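Engineer: Quick one: structure below, then a few questions.
Just so it is clear, none of the values below were taken in a lab; they were calculated from the coordinates. Because the structure is a prediction, the values reported are computed rather than measured. Heads up, the Cβs are rebuilt from the backbone with ideal geometry, glycines too, and the neighbour counts pull from every protein chain shown.
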C-alpha cells in the first residue's frame, strides 16, 4: 500500500502513520474464534469457516488503514468477532500468509495445524521446482 | 527427493520463549507427519540488516517470520519478509 514511513506503535508510539497499532483489548493469553473467508488460500488450508486460535499479542493492523489495505494485494482472509483482521494473505504470491495468533501453540504431533501443514507443503513444492537453482 | 526442505526462521531465538520452542516443535512434527525431510535455521534479525543478507536468504525454500516483537532489528526482519515477497518464497508470519 506504499506507506513508506509505516510504523508500529510498540516501537514508535508517536509516529504519524501507525499501520500497526495497539489492539482495543489485548489478546495476550486468549483463545478466539477466527472466521475464515471462503475463496482464500487460508480457507483451502483449513477447509472450515471458523477456527479457535491462541493469541499472545497486543498489536494488530490499525483499522484506520483498512481501506488502503483493501485496495492493495494484501487480503484479509480471517477476522475476529468484530471483523478485525486476524489473518492476511498476499494475492498473486505462491504462499504468503500471516496470522496474529500462534498456530504453533495448537499444533501437535497427532494433529499438525492446517496452516503449518500448508506452509511446509508450499516450501517443499518450492524446493522441488527450484532444484536446478540450488 | 533426497535433500531436505530448508526453512529460515526470521527472528531472535530465545530458548525461554514458549512460542519459539513451539515453532521448532511444530516444524518438526509437521514435517514428520507429512514425511517431508526438513531443516530449519534461525536467522537473527541483526544479521539480516547487514551486507550479504540476500545471499543467505537465497539458500532457503521458505521463510517463517517468528513471533517476538520488537525484534532486535526491525529492518532486518523487514528485509527477510521483503525478500520472500519479491523472490516468491513461501512466507508464513506468526
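Engineer: Could you give the C-alpha radius of gyration of the stretch A:60-134 expressed as a fraction of 2.2 N^0.38 Å, taking N as the number of residues it contains? Please report the intermediate quantities before stating the final value.
Structural biologist: Numbers: Rg = 15.1 Å, N = 75, 2.2 N^0.38 = 11.3 Å.
The reported ratio for this selection is 1.33.
Engineer: Express in whole angstrom the spacing between the alpha-carbon centres of the stretch A:83-118 and the stretch B:27-53.
Structural biologist: 16
Engineer: In deg cm²/dmol, rounded to 500, what helix-only [θ] at 222 nm does chain A give when every DSSP H run of at least 4 residues adds -39500 (n - 2.57) and the total is split over its residues? Before the final figure, lay out the partial values.
Structural biologist: Numbers: 3 runs with 28 residues, N = 134.
Computed mean residue ellipticity for chain A: -6000 deg cm²/dmol.
Engineer: Can you tell me the length gained on complete extension of the stretch residue B:14 to residue B:55, counting 0.36 nm per residue apart and subtracting the Cα distance? Let's see the in-between values first.
Structural biologist: Numbers: separation 41, 0.36 × 41 = 14.76 nm, distance 2.47 nm.
My answer for the length gained is 12.3 nm.
Engineer: Report relative contact order for chain A in percent, whole number only (criteria: Cα-Cα under 8 Å, sequence separation at least 6). Walk me through the intermediate numbers first.
Structural biologist: Details: 206 pairs, mean separation 26.9, N = 134.
The normalised contact order for chain A reaches 20 percent.
Engineer: Can I ask one more? Where does helix A:114-129 land angle-wise versus the long Cα axis of chain A, in degrees 0 to 90, nearest 10?
Structural biologist: So the inclination is approximately 60 degrees.
Engineer: If you restrict to DSSP beta bridges whose two residues both lie in the protein assembly as shown, what percentage is antiparallel, to the nearest 5?
Structural biologist: Details: 19 of 37 bridges.
Once the DSSP bridges in the protein assembly as shown are tallied, antiparallel ones form about 50 percent.
Engineer: Please state, as a whole number in µm²/s, the translational diffusion coefficient that the Stokes-Einstein equation yields for the protein assembly as shown at 25 °C and 0.890 mPa s, with Rh defined as the Kirkwood radius across alpha carbon pairs. Provide the component values of the computation, followed by the final result.
Structural biologist: Values: Rh = 17.9 Å.
The estimated diffusion coefficient comes to 137 µm²/s.
Engineer: Here is a further query. What are the principal axis extents of the Cα atoms in chain B, in Å, biggest first?
Structural biologist: Taking max minus min along each principal axis of the Cα atoms, chain B gives 35, 30, 17 Å.
Engineer: Taking other Cβ within 10 Å of each residue's Cβ, how do B:10, B:21 sort, fewest first? Please report the intermediate quantities before stating the final value.
Structural biologist: Working: B:10 27, B:21 14.
Neighbour counts put them in this order, fewest first: B:21, B:10.
Engineer: Please report Rg over Rh for the stretch A:7-126, where both radii come from the alpha carbon positions and Rh follows the Kirkwood definition. Could the numbers behind the result be given before it?
Structural biologist: Numbers: Rg = 14.7 Å, Rh = 15.1 Å.
Expressed as Rg/Rh, it is 0.97.
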